[in-house]
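Q: Let me give you the structure first, and then I'll get to my questions.
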Amino acid sequence: MSKVTVKDQGANELLRRAHRGGDQTVRVGVLADQPKKERGGGVGTLSLVEVAALHEFGAPGAGIPQRSFIRATVDAHRDEIEALQTKLAAKVLTGEIDEKTALSLLGAKVVAFVQNTINAGIAPPLKPETIDRKGSSKPLIDVGQLKSSVTFEVR
């Protein structure tokens, strides 16, 4: 009669981590709704989330063209984001990092992509009267509040 010895070698822990995954998600965008600051220190009538949505989707009736800084960025960096997700998922499965850390790293990377997109400038160019009013030709950057408010949240 033969004797069989089963050595787990971590397979059960790996399966446990794989089945536990997906408890958390990461959100990236303008997540805190606060008043939009105006040049000169005043507060505007729109909230920062409203301003972000107006630019992300446009408001043709108000003469505001679409300047997608979130969706367009994710589309442009989709391959890099998916590769990072795969790399981080492998680290979670092997126990190198936990799920919250992985999602935080992913969120921080996407925030950096979005902020770099804003810094690079987004088409279409501003109208001459808008440039005159704000003193800059860079779309989406007036006092820097919108760009700095792009953040992530792990839930």
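Q: Would you mind telling me which numbered condition in (1) crowded, with 16+ Cβ neighbours inside 10 Å; (2) touching a residue at least 60 places away in the same chain (Cβ under 8 Å); (3) not hydrophobic (A, V, I, L, M, F, W, C) residue 34 fails?
A: Unmet condition: (1).
Q: Additional query: With touching a strand residue (DSSP E or B) at 6+ places or on another chain (Cβ under 6 Å) and either open to solvent by 70 Å² or more (accessible area, probe 1.4 Å) or without any contact (Cβ under 8 Å) to a residue 24 or more places away in the chain (or both) as the only criterion, which of 109, 100 stands out?
A: None of the others qualify; the one that does is 100.
Q: Mind listing just one residue for me: the one in the range 7-31 that is of a type in the set (A, V, I, L, M) and modelled with pLDDT under 70 and, of those, surrounded by the most Cβ atoms within 10 Å (Cβ to Cβ)?
A: 14
Q: Can you tell which of 92, 43, 49, 74 is open to solvent by 40 Å² or more (accessible area, probe 1.4 Å), over 18 Å from the mean Cα position of the chain (by Cα) and not hydroxyl-bearing (Ser, Thr, Tyr)?
A: Going through 92, 43, 49, 74 in turn, just one is open to solvent by 40 Å² or more (accessible area, probe 1.4 Å), over 18 Å from the mean Cα position of the chain (by Cα) and not hydroxyl-bearing (Ser, Thr, Tyr): 43.
Q: Tally time: how many residues in the range 57-71 are open to solvent by less than 40 Å² (accessible area, probe 1.4 Å) and either of a type in the set (S, T, N, Q) or farther than 21 Å from residue 119 by Cβ (or both)?
A: Matching residues across the range 57-71 total 3.
Q: Looking for whichever is of a type outside the set (Lys, Arg) and closer than 20 Å to residue 142 by Cβ here; the options are 61, 42. Which one fits?
A: Selected residue: 42, the only one of 61, 42 that is of a type outside the set (Lys, Arg) and closer than 20 Å to residue 142 by Cβ.
Q: Which condition does residue 137 not pass, out of (1) of a type in the set (S, T, N, Q); (2) in contact with a helix residue (DSSP H, G or I) (Cβ under 7 Å, 6 or more places away or on another chain); (3) at pLDDT 95 or above, if it passes all the others?
A: (3)
Q: Next question, about the same structure. Search the range 112-155 for residues being in a helix (DSSP H, G or I) and farther than 18 Å from residue 70 by Cβ, and hand back the single one that is most open to solvent (accessible area, probe 1.4 Å).
A: 133
The values are calculated or read from the model by the stated rules, or taken from the named source; none is laboratory data. Here the structure is a predicted model, which is why all the values come from computation and not from measurement. Note: ideal-geometry Cβ built from the backbone for every residue, glycine included; neighbour counts use all protein chains shown. For accessibility, only protein heavy atoms count, side chains too; no ligands or nucleic acids. Shrake-Rupley method; radii C 1.70, N 1.55, O 1.52, S 1.80 Å.
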